[in-house]
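Novice: So that we are looking at the same thing, I have put the structure below in C-alpha cells.
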Amino acid sequence: MALISRGLEGIVAAETRLSDVRGKEGQLVYAGYDINELAGKVTFEEITYLLWHDKLPSKAELDGLKADLRAARSLPQGVIDFLKAAPKTAAPMDVIRTGVSMLGLYDEDPANDGAANLKRSISILAKIPIITAYFHRARQGLELTPIRTDLDEAASFLYLFTGKEPGIETVKTLDIAYVLHADHGFNASTFSARVTISTLTDIYSAITSAIGTLKGPLHGGANEAVIDMLEEIGSLDKVDAWVYDKLAKKEKIMGIGHRVYKVLDPRAPHLKAMAIKLTQELGEPKWIEMSERIAAIMLKEKNLNANVDFYSATVYHSLEIPKDLFTPIFAIARTAGWTGHILEQLKDNRLFRPQSDYVGFPVGKTVVPIAER
Ligand SMILES: CC(C)(COP(=O)(O)OP(=O)(O)OC[C@H]1O[C@@H](n2cnc3c(N)ncnc32)[C@H](O)[C@@H]1OP(=O)(O)O)[C@@H](O)C(=O)NCCC(=O)NCCS
C-alpha cells in the first residue's frame, strides 16, 4: 500500500528561497531575515521586493518598485462595471477572486516569461486593493474614491476604502500587518498557486486559485470567524462556559492551532501588542481580555497556541474595518508571497502531480444495462 500523508503533513513538495516556517522553534524567516527583525523596520513594499528579488531593495530600487505599483493603480472599465453590478450581498473574497480572474481578460500580452510575469505581479498587487475598496464603496452606494498616486500601498488602500486621509498610526499598523502576512512557506493558498502555475497556465489563474483557497475558514477565513466568535461570546465572564462547551462538543476554536507551529506563531505577539495598544486607545479592552482568556484556556486544555488570525481580527476591528474585509486584507498582503512563489516556480518548474491510494471496489465489475439497475 502507498504511504499516505493526510493533508500532505510533513511532505516537502519543492524548494523555496522565499520563506521558512520553523514549527518547533516558532520562527518565521523571509529570505534570511527573522520576521522579528523585519516587523516595524521595513515596509510592505520592501518586503515585496525581498520576496521577488531575494534581497532588500536599495533606495533607488524601492523608489522604482513604488513608482511601478503606483503606475499600475487603475482598473479596466469592465472590472469597475462588474464591481458596481455585483450583488451587494456578495462576499468580498468572491468578488476579489472574480475580479482577479477578470483582469486576465484584459491582458493581451501573449508572453508568459519571467519579465512579463513580474510586470503582471506588480499590476495584480496594485489592483487587488482597488478591487476590494471599490466593491466595498459600491455595495454601500458610495462614489468610488479617485485613485491617488502619492500614497504607499497601505495608505492607498485605507484612503480608497474610507475616502478619507488615513492617520499615520493607522497606516503604520496596517503596513506591519501586511508585512506579517506577506508570506508563509507552502501554506494551502500558496501551494494552490504553485500547483496551478506548474501547469504553465497564466498568473491570473494561479492567483484566482490562491484567493479561493485562502477564503476557507481553516485558512485565511479564520480571522473573520474570530470576530464572529468574540461577538457571540459577548463578554469576558461568558468566555469559560463558551469555550468549554465547544471543546466538549469537539468543535474548533477559530484562530487557534497551526499545522506547522507547535509553539507560539511568531506573528501572533506582534499582532497582540498592536491589538492591546489599539483597544486601550479606544477604551474597549474587552476584545483583548476575552481573547487572552480564550488563548489561556486553549493552551492549558489542548496545548494549542493562538495563530496569526487570532489577534489580527481585533486589530482590524479596532481600525473599524468591516469583518468581511479581514480576509481580503490578508489576500492583499499574501499577494506579495503568492506572486513571488509563482515567479520562483516558473524559474525551475516541474508539474505537481501526486498519486492517490485507490480504495474503491475491486476491479472486475460488469455493466448492468440501465433498465435493470
Ligand atoms: C490550523 C488547523 C487547520 C491545523 O489543523 P491540522 O494540523 O490539520 O490539525 P487537526 O485539525 O488534525 O487537529 C489536531 C488536533 O488538535 C485539535 N485542534 C486543532 N485546532 C483546534 C482548534 N482550533 N480548536 C480546537 N481543537 C483544535 C483537533 O481537534 C485535533 O484534536 P484530536 O487529535 O483530539 O482530534 C487547525 O488548528 C484549525 O482548524 N484551527 C482553527 C482554524 C484557524 O485558526 N485557521 C488559521 C490557521 S493560520
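Novice: Give a quick list of GluC sites (Glu not before Pro) in segment 114-202 that DSSP marks as loop, anything other than H, G, I, E or B, with at most 11 other Cβ atoms within 10 Å.
Specialist: Taking segment 114-202 and a limit of 11 other Cβ atoms within 10 Å, the loop GluC sites (Glu not before Pro) found are Glu143.
Novice: Positive end of the dipole of segment 71-216, charges at C-beta (+1 Lys, Arg; -1 Asp, Glu), about the Cα centre: which of Val95, Phe186, Gln140 has its Cα farthest in that direction?
Specialist: Ranked along the dipole, the leading option is Gln140.
Novice: Same structure, new question: Assign unit charges at the C-beta atoms only (+1 for Lys and Arg, -1 for Asp and Glu), then state the dipole size of the chain relative to its Cα centre in Debye, rounded to the nearest 20.
Specialist: Computed charge dipole of the chain: roughly 780 debye.
Novice: Anyone know which of Ser74, Ser356, Ser198 comes out most mobile in the 10 Å Cα GNM of the chain?
Specialist: Of Ser74, Ser356, Ser198, the most mobile in the Gaussian network model is Ser356.
Novice: Restricting to Cα atoms and excluding each atom paired with itself, what does the Kirkwood estimate give for segment 76-184 in Å?
Specialist: 15.0
Novice: So, with +1 on the Cβ of K and R and -1 on the Cβ of D and E, and no other charges, what is the size of the charge dipole of segment 222-318 about its Cα centre, to the nearest 20 debye?
Specialist: Once rounded to the nearest 20, the dipole reads 500 debye.
Novice: Got a sec to turn the phi values of segment 208-220 into Karplus ³J(HN,Hα) couplings, 6.51 cos²θ - 1.76 cosθ + 1.60 with θ = phi - 60°, whole Hz, x for Gly and Pro?
Specialist: So the J values, rounded to whole Hz, are 4, 4, 5, 5, x, 6, 4, 4, x, x, 7, 10, x.
Novice: From the P(r) of segment 222-318, can you give the percent of Cα pairs sitting at distances over 15 Å?
Specialist: More than 15 Å apart: 56 percent of the Cα pairs in segment 222-318.
Novice: Taking θ = phi - 60°, what integer Hz values does the Karplus form 6.51 cos²θ - 1.76 cosθ + 1.60 yield along segment 350-361, in sequence order, with x for Gly and Pro?
Specialist: 9, 3, 7, 7, x, 10, 10, 9, 6, 10, x, 4
Novice: Same structure again: In percent, how large is the relative contact order of segment 222-318, given Cα pairs closer than 8 Å and 6 or more residues apart?
Specialist: It rounds to 45 percent for segment 222-318.
Novice: Along the charge dipole of the chain, pointing to its positive end and built from +1/-1 on Cβ of Lys, Arg, Asp and Glu, which listed residue (Thr279, Ser156, Leu62) has its Cα farthest out?
Specialist: Thr279
Novice: Separate question: What pairs from Lys24/Lys347; Lys24/Lys127; Lys164/Lys252; Lys55/Lys127 go past 28 Å between their alpha carbons?
Specialist: From Lys24/Lys347; Lys24/Lys127; Lys164/Lys252; Lys55/Lys127, over 28 Å: Lys24/Lys347; Lys24/Lys127; Lys164/Lys252.
Novice: With no solvent and one point per C-alpha, what does the Debye sum give as log10 I(q)/I(0) for segment 1-130 at q = 0.15, 0.18, 0.19 Å⁻¹?
Specialist: So the normalised log intensities work out to -0.97, -1.12, -1.15.
Novice: Using only DSSP helix segments of four residues or longer, with each worth -39500 (n - 2.57), what per-residue ellipticity at 222 nm results for the chain after dividing by its residue count and rounding to 500?
Specialist: About -17500 deg cm²/dmol.
Novice: Could you compute Rg(Cα) / (2.2 N^0.38 Å) for segment 126-262, with N its residue count?
Specialist: Normalised Cα radius of gyration, segment 126-262: 1.30.
Novice: Using a simple spin-label model with points 7 Å from Cα along the Cα→Cβ vector, what separation in nm is obtained for Tyr106 and Glu231?
Specialist: Between Tyr106 and Glu231, the label points sit 3.2 nm apart.
Novice: Hey, another quick one. Considering the options Ile80, Ile227, Ile35, tell which one lies farthest towards the positive end of the dipole of the chain, charges being +1 on Lys and Arg and -1 on Asp and Glu at the Cβ, about the Cα centre.
Specialist: Comparing the listed Cα positions along the dipole, Ile227 ranks first.
Novice: Size of the dipole of segment 211-278 about the Cα centre, Lys and Arg at +1 and Asp and Glu at -1 on the beta carbon, nothing else charged, in debye to 20?
Specialist: 400
Novice: Additional query: Pull up the DSSP beta bridges for the chain and report the antiparallel fraction as a percent, rounded to 5. Display every interim value, and only then the final one.
Specialist: Values: 7 of 9 bridges.
Approximately 80 percent, going by the DSSP bridge assignments.
Novice: Right, next: For Ala91 and Thr366, what does the FRET efficiency come to when R0 = 41 Å and r is the distance between their Cβ atoms, rounded to the nearest 0.05?
Specialist: Computed FRET efficiency for Ala91 and Thr366 comes out at 0.30.
Novice: Per the Kirkwood formula on distinct C-alpha pairs, the Rh of the chain is how many angstrom?
Specialist: 21.8
Novice: Using the Karplus curve 6.51 cos²θ - 1.76 cosθ + 1.60 with θ = phi - 60°, what ³J(HN,Hα) values do you get for each residue of segment 363-373, in whole Hz, with x for Gly and Pro?
Specialist: 5, x, 5, 10, 6, 8, x, 4, 5, 9, 7
Novice: At most 14 other Cβ atoms within 10 Å and a DSSP loop assignment: could you name the trypsin sites (Lys or Arg not before Pro) in segment 141-242 that fit?
Specialist: Within segment 141-242, the qualifying trypsin sites (Lys or Arg not before Pro) (loop, at most 14 other Cβ atoms within 10 Å) are Arg148, Lys164.
Novice: For the chain, modelled as a Gaussian network with Cα springs under 10 Å, which listed residue fluctuates most, Gly78, Gly257, Gly221?
Specialist: Gly78
Every number here is computed from the coordinates shown, using simple stated rules; none is lab data. Quick caveat, the model's predicted, so the values are computed rather than measured. As a convention, Cβ positions derive from the backbone with ideal geometry for all residues, glycine included, and neighbour counts pool all protein chains shown.
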